[in-house]
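The values are calculated or read from the model by the stated rules, or taken from the named source; none is laboratory data. In this text, all values refer to a predicted model and were calculated from it rather than measured experimentally. Neighbour counts are summed over all protein chains in view; Cβ atoms, including those assigned to glycine, are modelled from backbone coordinates with ideal geometry.
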Amino acid sequence: MLELRNVYKTFNIGTINEKKALQDLNLHLNPKDFVTVIGGNGAGKSTMLNMIAGVYPIDSGMIILDGQDITNKPEYKRAAMLGRVFQDPMRGTAAGMEIQENLAMAYRRGKRRGLSWGIKSEEKEQYREALKMLDLGLEDRMTSKVGLLSGGQRQALTLLMASLQKPKLLLLDEHTAALDPKTAKKVLDLTEHIVETQELTALMVTHNMKDAIHIGNRLIMMYDGHVIYDVSGEEKKNLKVDDLLQKFVTASGEEFANDRMMLA
Amino acid sequence: MEGILLATQGAIAQGILWGVMVLGVYITFRVLDFPDMTVDGSFALGGAVCATMITKGMNPFLAVLVAILTGVLAGYVTGFLHTVFQIPGILAGILTQISLYSINLRIMGRSNLPLLKMDTVFDMVQHAVYNLTGLELASVHVALLIGTIMAILVICLLYWFFGTEIGCAIRATGNNEYMVRALGQNTNVTKVMALMLSNGLIGMSGAMVAMYQGFGDVSMGTGAIVIGLASIVIGEVLFKSFKSFFGKFMSVVFGAIIYRIIVAYVLQLGLTASDLKLLTAIVVAIALAVPVLAKYTFFKKLSRTLHYVFARLFGKVKRQEGEQ
């Protein structure tokens, strides 16, 4: 479904802030893979997702999605194939617009926008049904401005928007990191539910090792801009957090020094 | 007293004609959240083009259309500089604005082009009304008539446009452009479109004002941006209860009218036209200070009274007696 071939990306080349974000990154996803991505700060997890989405161009290498070479496609063209949820709950929705207007925008992802109405009355019923699934009572607040919602509600809404048009690949960039544990759990359950029922292919970056182990069918660990550990199936299910830490030490030759991950 | 009454009528007419410009400013400043400085240039451009075309013998209605198109072009240039060359928005607008000064002089061939003895849109409508009904309208009434029709048409058009798919995308761009790109819309396109639409309206307003005042002038747009902001702020502060998109456009035009009335009264009090810039700055400062002042009890009471009066005037408050 997705293939990254020898992808390199360096930020601020030639300056004192030069940062080799991705180095010879290779990854192959099969259809319906639900992959969790872990790694220390600066390992290149978010950069990888941003490169797939086309936020920045890559320096060299190739990105193939669903048989199409998208390496040089601009972000807004790739969007037709991608659903995205960001770490910052403010990023995925338009605060000054109504819930239903946000959904209508998402419903038209990847389609040409013309001069017909931005939201048609027959769509509204469909959105109401979709919102009911979230179980947040948003179906009765469809004309409320999104800015009035809490961070968790906005993340749930963004998730719904990302999957309203079935994406070829769902990119989740630490989408529960900014939420309190209870809300994070709810959004994660929702994520699993959506990925499962719609049979999506998904990449989920997380800092929570337990989540990384329990969710999805495959786990990759990144270090220094490439994948250092890739595990799936039974082997993944039987992993323990300690195993992952051990793996990290052997693969990278460094202590896993990251409070957030240790405490998680 | 009669002087004030006459001045008020003139102010309302001017306010409506300028109101179309304010709608343009509203699109960039509020809807797109883009500080577009092209305004001063494109407003004078509209006036210059319209005045030149009319003196060359073009039909005034057609001249207004050409003025709109040149305004659209000016907006495109700013958008192009900003999106393709990634020049910061304010600077892109200033570059276009400054270049338009020279361009406007070239277009008119001089700094001031009078429209004496030339038929403008206002004259034509005045004649038409006279021929049809025998009614001899004063020019200020003609301006009121045309201005009102024009403002209503423009507001309806904008209301429709911002409800369409592409219009929604423009509004969303002003909210969160990351999201818009993630949802598959090229934000460069939405930005340029909004700038074109905005400056088209500004050019149109410039053309109407030039015809109303009877000349095109290279400096007629100077300070237009501040006047636009003043009108927007006045409208938003006084008509807070107008929550819908349609209402917001209305409040902005009302703001433009109220701004002109304030100006007219102050001129009646003996200030001169050269004091207006200071006055405008003070009005904007006061209007922006209102939300802060409103925290004090005295101002709270005052604003509640004012709101009640305004709401009553515009029929937004249900009568208490009627409900009992």
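In table form, for the structure just shown:
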{"item": "Selection within the stretch A:74-84 - farther than 10 Å from A:I52 by Cα and charged (D, E, K, R)", "result": "A:K77, A:R84"}
{"item": "Residues located in the stretch B:132-171, provided they are within 14 Å of another protein chain (Cβ to nearest Cβ) and part of a helix (DSSP H, G or I)", "result": "B:L157, B:L158, B:Y159, B:W160, B:F161, B:E165, B:I166, B:G167, B:C168, B:A169, B:I170, B:R171"}
{"item": "Every residue from the stretch A:121-148 that is within 14 Å of chain B (Cβ to nearest Cβ), among the aliphatic types (A, V, I, L, M) and more than 25 Å from A:A80 (Cβ to Cβ)", "result": "A:L148"}
{"item": "Verdict on B:A67 being buried (at least 24 other Cβ atoms within 10 Å of the Cβ) and out of contact with any Lys or Arg (no Cβ under 8 Å at 6 or more places or on another chain)", "result": "yes"}
{"item": "Failed item, numbered, when A:K185 is tested on (1) of a type in the set (D, E, K, R); (2) touching a residue at least 60 places away in the same chain (Cβ under 8 Å); (3) surrounded by fewer than 17 Cβ atoms within 10 Å (Cβ to Cβ)", "result": "(2)"}
{"item": "Failed item, numbered, when B:T38 is tested on (1) over 30 Å from B:N188 (Cβ atoms); (2) among the β-branched types (V, I, T); (3) more than 13 Å from the chain's Cα centre (by Cα)", "result": "(1)"}
{"item": "Options B:M204, B:M211, B:M179: the member that is farther than 17 Å from B:R30 by Cβ, within 14 Å of chain A (Cβ to nearest Cβ) and crowded, with 24+ Cβ neighbours inside 10 Å", "result": "B:M179"}
{"item": "Options A:A257, A:A251, A:A264, A:A212: the member that is within 23 Å of the chain's Cα centre (by Cα) and at pLDDT below 85", "result": "A:A264"}
{"item": "Matching entry among B:I87, B:I54 (being assigned by TED's automatic domain parsing to the domain that holds B:L195 and either assigned to a helix (DSSP H, G or I) or of a type in the set (F, W, Y) (or both))", "result": "B:I54"}
{"item": "Output for the stretch B:82-131, where each listed residue is of a type in the set (A, V, I, L, M, F, W, C), touching a Ser or Thr at 6+ places or on another chain (Cβ under 7 Å) and closer than 12 Å to B:M37 by Cβ", "result": "B:A92, B:L100"}
{"item": "Of the criteria (1) surrounded by 15 or more Cβ atoms within 10 Å (Cβ to Cβ); (2) polar (S, T, N, Q); (3) farther than 23 Å from A:H175 by Cα, which one A:N12 fails", "result": "(1)"}
{"item": "Residue check, A:A178 outside any helix (DSSP H, G or I) and more than 30 Å from A:I64 (Cβ to Cβ)", "result": "yes"}
{"item": "A:L136 out of contact with any strand residue (DSSP E or B) (no Cβ under 7 Å at 6 or more places or on another chain), farther than 26 Å from A:R5 by Cα and part of a loop (DSSP other than H, G, I, E, B)", "result": "yes"}
{"item": "Residues that are farther than 22 Å from A:E125 by Cα and among the hydroxyl-bearing types (S, T, Y), drawn from the stretch A:149-196", "result": "A:S150, A:T176, A:T183, A:T191"}
{"item": "Subset of the stretch B:147-193 that is touching a residue at least 60 places away in the same chain (Cβ under 8 Å) and within 15 Å of the chain's Cα centre (by Cα) - its residue that is nearest to A:M161 (Cα to Cα)", "result": "B:L158"}
{"item": "Criterion: at negative phi, in contact with a helix residue (DSSP H, G or I) (Cβ under 7 Å, 6 or more places away or on another chain) and surrounded by fewer than 19 Cβ atoms within 10 Å (Cβ to Cβ) - qualifying residue of B:I258, B:I262", "result": "B:I262"}
{"item": "Residue satisfying condition, being under 27 Å from B:M118 (Cα atoms), touching a strand residue (DSSP E or B) at 6+ places or on another chain (Cβ under 8 Å) and not aliphatic (A, V, I, L, M), within set B:G47, B:G19", "result": "B:G47"}
{"item": "Within the stretch A:133-144, tally of residues that are touching a helix residue (DSSP H, G or I) at 6+ places or on another chain (Cβ under 8 Å) and over 18 Å from A:A162 (Cβ atoms)", "result": "5"}
